[in-house]
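Trainee: Have a look at this one.
The values are calculated or read from the model by the stated rules, or taken from the named source; none is laboratory data. Note that this is a predicted model, so its numbers are computed, not measured. Positions of Cβ are generated from backbone atoms using ideal geometry, with glycine treated the same way; all protein chains shown enter the neighbour counts. SASA here: full protein model, heavy atoms, side chains in, ligands and nucleic acids out. Shrake-Rupley method; radii C 1.70, N 1.55, O 1.52, S 1.80 Å.
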Amino acid sequence: MFNLLKDTSAAGVAGILAAVLGVSVLLYYWTAPEKKVQDFIGPPRSGYVLTHFDLDSYNEEGKPAFKLVAPHLERREGDESLYINAPDFVLPSTKEANVPPWTGHSQYGWVNKDGSLLKLQGKVHMDRVAFQTNPPASIDTSEVTAWPKENRLETAEAARIVQGTSTMQGVGMRANLDTKHLELLDAVHTVYQPRKR
């Protein structure tokens with residue numbers, strides 16, 4: 001060992017450093033505390049839980065974007081999104097004040113942190129009452145993705161739209177509730193009842 005300390009060649013210094021490093025690593029693992037065992041299994045924890053709540057969301061102009069009323073809401077800590085059971089919802093027009101809102105119900109709901117994305121999960125039913133010359137309308141579908149601040153929604157699932165005496169059915173739907181534009185994407189079947197004379 002004494003001879004190794006006298007030997008100042010690069011190989012000798014490298015050998016000493018390697019030995020010291022090896023000993024320090026062994027000492028670290030011998031004295032380090034044991035790793036904490038992750039014993040929690042399940043979904044992310046809730047930041048808070050609300051029961052029997054009303055939630056109002058507004059767009060950038062301060063106009064109502066959507067309203068939710070439901071028996072149970074959980075806010076997740078990680079992404080601050082909201083998980084909702086059995087929501088009743090209201091989607092008002094963002095353009096015209098005299099147009100009645102769409103109202104409805106879904107089995108579950110999800111809202112992202114800033115309220116720009118709303119998912120209506122499970123079976124979804126929506127209604128709009130008659131106004132001016134427009135007859136009442138309803139939509140029955142499932143798994144709807146909505147952008148409430150833009151008043152748009154879509155689904156890849158089967159959809160049934162009834163407006164007055166007309167019925168449309170198809171698979172996949174896109175809708176802009178402000179412009180009253182509705183598009184069925186596949187397997188479309190439409191029934192128009194004749195008008196009464």
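Trainee: Against the condition of a type in the set (A, V, I, L, M) and more than 15 Å from Leu177 (Cα to Cα), how does Leu118 come out, does it pass? Spell out the reasoning first.
Mentor: Values: of a type in the set (A, V, I, L, M): yes; more than 15 Å from Leu177 (Cα to Cα): no.
In short, no.
Trainee: Right, here's the next one. Tell me whether segment 117-139 contains one or more residues that are open to solvent by less than 40 Å² (accessible area, probe 1.4 Å), in a strand (DSSP E or B), within 26 Å of Arg75 (Cα to Cα) and polar (S, T, N, Q).
Mentor: No, the conditions are met nowhere in segment 117-139.
Trainee: Taking Gly104 as the residue in question, decide whether it is within 29 Å of Tyr48 (Cα to Cα), more than 17 Å from the chain's Cα centre (by Cα) and not β-branched (Val, Ile, Thr). Quick ask: steps written out before the conclusion?
Mentor: Numbers: within 29 Å of Tyr48 (Cα to Cα): yes; more than 17 Å from the chain's Cα centre (by Cα): yes; not β-branched (Val, Ile, Thr): yes.
So Gly104 passes the test.
Trainee: Search segment 152-181 for residues that are on the phi < 0 side of the Ramachandran plot and in contact (Cβ under 8 Å) with a residue 60 or more places away in the chain and pair each with any residue that is outside any strand (DSSP E or B) and open to solvent by 10 Å² or more (accessible area, probe 1.4 Å) when their beta-carbon atoms are under 6 Å apart and the residues are at least 6 apart or on different chains.
Mentor: Going by the 6 Å Cβ cut-off, the qualifying pairs are Asp178/Ser93; Asp178/Thr94; Asp178/Lys95.
Let's see how each residue does on (1) part of a loop (DSSP other than H, G, I, E, B); (2) touching a strand residue (DSSP E or B) at 6+ places or on another chain (Cβ under 6 Å); (3) at pLDDT 80 or above; (4) polar (S, T, N, Q):
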position	(1), (2), (3), (4)
Glu34	yes, no, no, no
Pro44	yes, yes, no, no
Tyr48	no, yes, yes, no
Leu55	no, yes, yes, no
Glu60	yes, no, yes, no
Phe66	no, yes, yes, no
Ala70	no, yes, yes, no
Arg75	no, yes, yes, no
